[in-house]
Structures are given as C-alpha cells and as structure tokens.
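What follows is a short report on a single structure.
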Amino acid sequence: MISTWKTPGGMSRRHFMNHLAGSSAAVSAALTMGGAIQVNAEEMRRNRKSAIMLWMGGGPPTIDLWDLKPGAPTGGPFRPISTSGDMQISEHLPMVAKQMHNLSIVRSMSTREADHNRGRYYMHTGFVPNPNIEHPSYGAVVAHELMDQRPELEIPPFVTIGGASAGPGFLGMAWSPFAVTSTGRIRNLDMKLDDKRLLQRMAALNEIESGFASRTRDLPAGEHGKVLKKTFDLMTSTQMEAFRVEKEDDKTKERYGTNGFGQGCLLARRLVQAGVPFVEVDLGGWDLHTNVHQTLADTKLPQLDKAMSALVEDLEQRGMLQDTAIMWMGEFGRTPRINQNAGRDHWARSWSCVVGGAGIKGGLAIGETSSDGMAVESEPFSSEDLMATVCKGLGIGLDTTFMSKNRRPMKIANGGKVISDLVA
C-alpha cells in the first residue's frame, strides 16, 4: 500500500507516482562540470523553446513598478527612471531598468477577477473558475505542447519553485507541476544520488513488486512496476543535477541574490538549460493593504530587482533568451487610491504585466492608463491575450484545441488574441 506524504505544492506520493508515469525515460541530455550544466548550444537552439513565469502572489502594485503616475494624488512617492527600453519604471528597479531592452510592459491589462483565488486561477489558466471543470494551467499546456521537442528529457517538464502552481486540469497528472524549494529540494523525498540506502531500498521494493506481478499477472500490478522503474530512473538520472543549485559558484549565487527568490531564479535558468519546457518561480507577499511603499522599498523591490535582472542578463549572455519566454505577473494589480493604512487594495481594472524573450519584442510599453491610473485608455488586454502572445513566441499553434473530459473543445489560451505590437 502506498503511504501518503506531501510536497510543498501539495503533491502526494501517489500523485508523484502518477506524474512520473507520464515522464519520458531516455538518454541524458545534461551533464555537469564544475557546477554548471553543459548543454550543446546548437542543439538547444534547434526548436528548444521554454518559458519562465515569475509569479508575484498576492497582487503587486504595478502602478508603483511599471506605470508610475508622478504628481498625481494616486502616484505615491516613487520617482520614474529611464531604462534601456522606450519607457520609464520605478527608481527602485535600477538593475531591471538596464535590461528593459529585452522586456516589454503591457500597461493596459484589464481583468475582472479581484479575488485572490479566482484571480490566481484566471491568470494561470485563462478561464474563470467553473465547478464543472478543472482547466489546465498555462504551465501544463506549454509543457504538453513543447515536450515533443525534447524526447530525451527524464526530469518533469513543468517545475514550480518556492510555491504551488495551478494544476494540469483535464490534461492529466503527467502534466502536474513538480514542486521544489528554491534550493531544488523535494520535501520528504531524499534525492541524493549517492545514497546507498536508497538504492538498496529501491532494489528490495523492485524485487517485491516483480514477484507480486509475476504471481498475479494482472495489468495494474505490471503498470505499477513500470511506474516504479520510472521513479528509479528519475531519482538516479544525471539530469537531476539540474536541481543542484548549490553547485553554482558563489559569484553567480550572489549575482542573483542569496534569498529564496534569487536562488529560485537561478534554479529556473538551470532547469531551462537542461531542457525543462516550463518553470514557475514564486515570490509571494504582495498583498500590501498596509505600508505598501515602505515594504516595496525595503524588501520586495530589492529582491525582485536583483534576481529578475540577473535572470534576463544571464539568459541573454548564454544565447538562451531568444528561445526562452519570460512572464512577470500576479493575479491582479492594486488600487491607484492609497488607503488610510498607507496601502493599496485589490484592483483588476487597470494594471501591468511584463513579458520578453522567445521572439517577443523588448523595449516597449504597450497600452496606457489614465493620468491617475484608474482606467485603461487604450485597447485592453486579458490573461488570454497575454498567453496567446507567449504561445506565438514559443511557436505553439493558436489553433490548437484540447478536448475536456466532458467532451467540450477548448482552444489554447481560451482563444485569446495576440498582442500584435509584441511579435514580429
């Protein structure tokens, strides 16, 4: 009988086994030398697209980051600064400012879900919650569509770092997010490759499973044995070295920031470099109903500035940015009006997201809001539109249609329209 335990993302051991059942088992594509993943650059460039989502759980105040309103009563104390792109951003993001030629801001996001759970679901799937169906997350969809580009991948194709993501919905458990900490550790599961006890236990379990399968000769027993083998293949695969972020040199770790989000972004680069199609990195704590500007200046923006700028610069220097889409978003923005507690409340009517890489043009500010930030004054864009644009950059056909369990056809990105100014 399979016992139960949970990973940080709520993945049970049974869930983990089911997830592994859908993993490929083939030759290793990534080897390690001196802590850095060594990948054939030409091979990586040949139809090897990936995506990294930087998830800002809680709803970031984008009016204080990407669409400042200096002089307006709603503007707050931060000053805008020039960037390497054709826009200005917050003075507290000076390192990101140097990378804005690689990134674009969509300033006319306008959505309807201002509740945390509903907004999170919507921004992860393109659908509003429905009690009759569980929609697949963008991570599951992208992993599903890009997996055939890397048949040699042994590690999970959808990894979430530092927090949970939305699930695979009707696509099935093989496309579930594989949750790890920012250090690459899977809680309650010892992944040490040199642990002799692990090898002995797996060998003993395999002998028991094989004996049971030979006696019963039924399909479930045989299938369980295959899952066990894939579990063993994963846990002993050299590709698991991609999770060992501690093997990076101290200079690189410091470049990203030694906090959880910084190391999570470094781990994301390693995973994409190893061939993982979709990685999500979580930086929570943006539900700033009180002391919004002090919290931003003291903690949130220094962490974000260092890690996000290092990630973009690192991907560009390695020749990977042209094949790696980057998305920065939360479930909604925050009110232009500053409340009595010096905070900002939930606001979905007019806010910003950031995208770049993988054929998406950088250096642009798309759309605009009113002088006080209260309303979108150009074409509004949705979660579906943002994801359709990313899919276009990744080379995923927008005519792709999935069939849900109740036999309803569903278009990729819920039929969103491409933001034409962002793609060639």
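Within region 66-89, can one find any residue that is of a type in the set (S, T, Y), within 28 Å of R269 (Cα to Cα), in contact with a Lys or Arg (Cβ under 9 Å, 6 or more places away or on another chain) and buried (at least 22 other Cβ atoms within 10 Å of the Cβ)? Checked against the condition, which is being of a type in the set (S, T, Y), within 28 Å of R269 (Cα to Cα), in contact with a Lys or Arg (Cβ under 9 Å, 6 or more places away or on another chain) and buried (at least 22 other Cβ atoms within 10 Å of the Cβ), region 66-89 yields no hits at all.
Residues that are modelled with pLDDT of 90 or more and surrounded by 19 or more Cβ atoms within 10 Å (Cβ to Cβ) within region 168-192 comprise P168, G169, L171, W175, S176, P177, F178, A179, V180, T181, S182, G184, listed in sequence order. Give the residues of region 336-386 that are touching a residue at least 24 places away in the same chain (Cβ under 8 Å) and among the hydroxyl-bearing types (S, T, Y), sorted by residue number. Selection gives S350, S352, T369, S371, S378, S382, S383. Pairs are defined by a Cβ separation below 6 Å, a sequence spacing of at least 6 or placement on different chains, a first member in region 145-156 that is closer than 11 Å to K49 by Cβ, and a second member that is of a type in the set (A, V, I, L, M, F, W, C) and surrounded by fewer than 22 Cβ atoms within 10 Å (Cβ to Cβ); the pairs so defined are E145/I396. Look at region 306-323: where a residue is without any contact (Cβ under 8 Å) to a residue 12 or more places away in the chain and more than 12 Å from V272 (Cβ to Cβ), no partner that is surrounded by fewer than 23 Cβ atoms within 10 Å (Cβ to Cβ) and of a type outside the set (S, T, N, Q) sits 6+ places away or on another chain with Cβ atoms under 8 Å.
From the list G343, G356, G367, G362, the lone residue that is farther than 28 Å from I133 by Cβ, touching a Phe, Trp or Tyr at 6+ places or on another chain (Cβ under 7 Å) and modelled with pLDDT of 95 or more is G367. What residue, among those in region 337-362 that are within 19 Å of the chain's Cα centre (by Cα) and in a loop (DSSP other than H, G, I, E, B), is surrounded by the fewest Cβ atoms within 10 Å (Cβ to Cβ)? Ranking the candidates gives G359 first.
Might you check whether a residue that is touching a residue at least 12 places away in the same chain (Cβ under 8 Å), polar (S, T, N, Q) and more than 25 Å from A365 (Cβ to Cβ) occurs anywhere in region 392-402? The answer is yes; a qualifying residue exists.
In region 24-82, of all residues being at pLDDT 95 or above and of a type in the set (V, I, T), the one that is nearest to K247 (Cα to Cα) corresponds to I52.
The values are calculated or read from the model by the stated rules, or taken from the named source; none is laboratory data. None of these values were measured; they are calculated from a predicted model. Here the Cβ is made from the backbone with ideal geometry for all residues, glycine too, and neighbour counts use every protein chain on show.
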